[in-house]
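The values are calculated or read from the model by the stated rules, or taken from the named source; none is laboratory data. As the structure is a prediction and not an experimental result, all values here were calculated from the model. Neighbour counts run over all protein chains shown; Cβ positions are idealised from the backbone, glycine included.
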Amino acid sequence: MEQRVNIRSMPQEDHLLSGHGACAGCGVAIAVKNLMRVLGRNTTVYVPASCLLIFGGGMYPHSAFDVPFLYSAFENTGAVISGIKAGYRRQGKDVTVVGIAGDGGTFDIGLQALSGAAERNEDVIYVCVDNEAYMNTGTQRSGSTPFGAWTTTTPVGSRVKGKRSFKKDLMAVVASQDIAYAATLSIAHMNDFVQKVERAKARKGFRFLHIMAPCPSGWKADPSLTYDLARLAVETGMWSLYEVEEGEAHVTYRPKEMLPVGEYLKLQGRFKHMDREDVEALQAWLCRKWRMRYAPSQPPLDRTDDLACDGDGCEGA
Ligand code: SF4
């Protein structure tokens, strides 16, 4: 039987060292710390403009990474990690090359370089640490920002009440390119997290890891609730855990029941202005997502019936 790593058996040596400058409760820091433990010392890291660049490595001459670390511009993670890998290949060195970008640098600004690297099947790992806005520059909306959320560019006033469009399904975009491995991860499901990192590390070709990373500052949440927010995101359908290998999607964790999205929203100031109509619109969108994601692994629902959706959850979910 395959022996799979878990949080007890995983490597304990840190390569994102303590003393970095992330905010208390930062989900990005938790994610990258554990990502780097599994990837190990024989890794080269590239980070574009993001919080991680500032708190992790970009304040020359200081760096919290104890492995080779590079950065250049915002939009080019897919291209730069392709070049780094080509350089190592030329030197005859087998090094794990990882690019770690935020949602702004992935969903929006870096999407073309990401797609190009995926299409060429570059032998690299691309990680998106998704905190659902441009947090490093003061919380501007990105393609990842959820419906209804306040940001500085989706303000709340008498005419506009936060973001009016829904979160882009980036995993679907990337996985559609038939890459070697793609997976979604949560810091609240750490065994699942480290197993997916290990699986990505073991494969060749283009691999994509999408990690939800709560941001207490931008989400206007208590820093002590980072884990609870990550867990509730999965239980309410705001995030789902699955992987795509050779074109086949596998759910790796299925919640027993769908919690109402309000349980998640009420812990975050960025959603506090949402009225019932907006909460119901978000809940209905989640019900459709939930049904598409989980229907194959549960007793079949009658696909001709609409799920009854309101702000209290989904009937039939
Ligand atoms: S602003 Fe958010 S993502 Fe950036 S360091 Fe602080 S908690 Fe982390």
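Of all residues in the stretch 12-30, which are among the hydrophobic types (A, V, I, L, M, F, W, C) and near the ligand (Cβ under 10 Å from one of its atoms)?
Ala22, Cys23, Ala24, Cys26, Val28, Ala29, Ile30
Given the condition among the aliphatic types (A, V, I, L, M), in a strand (DSSP E or B), touching a helix residue (DSSP H, G or I) at 6+ places or on another chain (Cβ under 7 Å) and within 19 Å of Gly57 (Cβ to Cβ), answer yes or no: does some residue in the stretch 107-128 qualify?
The answer is yes; a qualifying residue exists.
Does Ile81 fit the bill of being surrounded by 14 or more Cβ atoms within 10 Å (Cβ to Cβ), over 24 Å from Asp192 (Cα atoms) and touching a residue at least 24 places away in the same chain (Cβ under 8 Å)?
Yes: the conditions hold for Ile81.
Give all pairs with beta carbons closer than 8 Å in which a residue from the stretch 103-117 that is farther than 21 Å from Met135 by Cα meets a residue that is part of a loop (DSSP other than H, G, I, E, B); count only pairs at least 6 apart in sequence or on separate chains.
Gln112/Glu75; Ala113/Glu75; Ala113/Asn76; Ser115/Gln177; Ala117/Val124; Ala117/Phe206
Taking the stretch 189-218 on its own, how many of its residues are crowded, with 20+ Cβ neighbours inside 10 Å and within 16 Å of the ligand (Cβ to nearest atom)?
Qualifying residue count, the stretch 189-218: 8.
Just to check your reading of the model, which residue among Gly56, Gly40 is small (Gly, Ala, Ser), more than 16 Å from the ligand (Cβ to nearest atom) and in contact with a His (Cβ under 8 Å, 6 or more places away or on another chain)?
It is Gly40.
Return the only residue of Asp306, Asp275, Asp222 being modelled with pLDDT under 95 and surrounded by fewer than 17 Cβ atoms within 10 Å (Cβ to Cβ).
Asp306
Quick test of your reading of the structure: Tyr46 fulfils all but one of (1) hydroxyl-bearing (Ser, Thr, Tyr); (2) within 19 Å of the chain's Cα centre (by Cα); (3) within 16 Å of the ligand (Cβ to nearest atom). Name the failing condition by number.
Here Tyr46 meets the rest and fails (3).
Filter the stretch 81-98 down to the residues that are of a type in the set (S, T, N, Q) and either touching a strand residue (DSSP E or B) at 6+ places or on another chain (Cβ under 6 Å) or on the phi > 0 side of the Ramachandran plot (or both) and list them by number.
Thr96
Yes or no: the stretch 74-81 includes at least one residue that is under 24 Å from Lys168 (Cα atoms) and within 16 Å of the ligand (Cβ to nearest atom).
yes
What number of residues within the stretch 84-100 are of a type in the set (Gly, Ala, Ser) and in contact (Cβ under 8 Å) with a residue 12 or more places away in the chain?
Count: 1.
Could you identify the single residue in Gly138, Gly102 that is more than 21 Å from Leu16 (Cβ to Cβ), within 14 Å of the ligand (Cβ to nearest atom) and not hydrophobic (A, V, I, L, M, F, W, C)?
Exactly one of Gly138, Gly102 is more than 21 Å from Leu16 (Cβ to Cβ), within 14 Å of the ligand (Cβ to nearest atom) and not hydrophobic (A, V, I, L, M, F, W, C), namely Gly138.
I'm trying to understand the selection: among the residues of the stretch 257-297, which are hydrophobic (A, V, I, L, M, F, W, C) and in a helix (DSSP H, G or I)?
Leu265, Phe271, Val279, Ala281, Leu282, Ala284, Trp285, Leu286, Cys287, Trp290, Met292, Ala295 - these are the residues of the stretch 257-297 that are hydrophobic (A, V, I, L, M, F, W, C) and in a helix (DSSP H, G or I).
With Gly21, Gly56 as the choices, which residue is at pLDDT below 95, part of a helix (DSSP H, G or I) and under 27 Å from Ile84 (Cα atoms)?
Gly56
Would you call Cys51 on the phi < 0 side of the Ramachandran plot, within 16 Å of the ligand (Cβ to nearest atom) and in contact with a Ser or Thr (Cβ under 7 Å, 6 or more places away or on another chain)?
Here the answer is no, as Cys51 does not meet what is asked.
Taking into account only those residues within the stretch 82-99 that are more than 23 Å from Met171 (Cα to Cα) and not in a helix (DSSP H, G or I), which is farthest from the ligand (Cβ to nearest atom)?
Step by step, filter the stretch 82-99, then rank; the result is Gly92.
In the stretch 109-135, what residues are more than 16 Å from the ligand (Cβ to nearest atom) and not small (Gly, Ala, Ser)?
Ile109, Leu111, Gln112, Leu114, Glu119, Arg120, Asn121, Glu122, Asp123, Val124, Ile125, Tyr126
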